[in-house]
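The values are calculated or read from the model by the stated rules, or taken from the named source; none is laboratory data. Here the structure is a predicted model, which is why all the values come from computation and not from measurement. As a convention, Cβ positions derive from the backbone with ideal geometry for all residues, glycine included, and neighbour counts pool all protein chains shown. In case anyone asks, the SASA skips ligands and DNA or RNA and just uses the protein heavy atoms, side chains included. Shrake-Rupley method; radii C 1.70, N 1.55, O 1.52, S 1.80 Å.
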Amino acid sequence: SRRCRKCNYKESITSGTIFHHLRFPIDKALYILIVTSTGRKINISELSRKLDLRLKTVWNFHNKVKEELSYLKSPIKSNEGWTSLIITPKKRKYK
């Protein structure tokens, strides 16, 4: 994390990324990200069982990744790679 010297504000290491406000382990989120972005067909309930996470948690993060992928599918942004999938632009903030 980073801390401002003037106001002592502490910023999370995940702020500005797709992992912002994540409430489950980041390694599991990265696994969901990789499986979703590679286009492998996997059942959400199977993924939930495999990662030992609730179905709704996996479903929500899977949809978050798919939404980010839809932004990358435009012709202008097609060569942005993994960095663009993880790091979100300022105009797309996640709740």
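Pairs meeting the criteria (first residue in the range 10-30 and more than 18 Å from residue 62 (Cβ to Cβ), second residue among the β-branched types (Val, Ile, Thr) and at pLDDT 85 or above, beta carbons under 7 Å, at least 6 apart or on different chains) are lacking. So is residue 44 touching a helix residue (DSSP H, G or I) at 6+ places or on another chain (Cβ under 6 Å), within 26 Å of residue 1 (Cβ to Cβ) and at pLDDT 85 or above or not? Judged against the criteria, residue 44 is not a match.
Within the span defined as the range 6-14, one or more residues are acidic (Asp, Glu), modelled with pLDDT under 95 and not in a helix (DSSP H, G or I).
In the set 2, 49, only one residue is among the charged types (D, E, K, R) and modelled with pLDDT under 80; that residue is 2.
Every listed requirement among (1) out of contact with any helix residue (DSSP H, G or I) (no Cβ under 8 Å at 6 or more places or on another chain); (2) open to solvent by 90 Å² or more (accessible area, probe 1.4 Å); (3) in a helix (DSSP H, G or I); (4) touching a residue at least 24 places away in the same chain (Cβ under 8 Å) is met by residue 66 save one, (1). In this structure, is residue 84 assigned to a helix (DSSP H, G or I), open to solvent by less than 40 Å² (accessible area, probe 1.4 Å) and either modelled with pLDDT under 85 or farther than 12 Å from residue 18 by Cβ (or both)? Yes.
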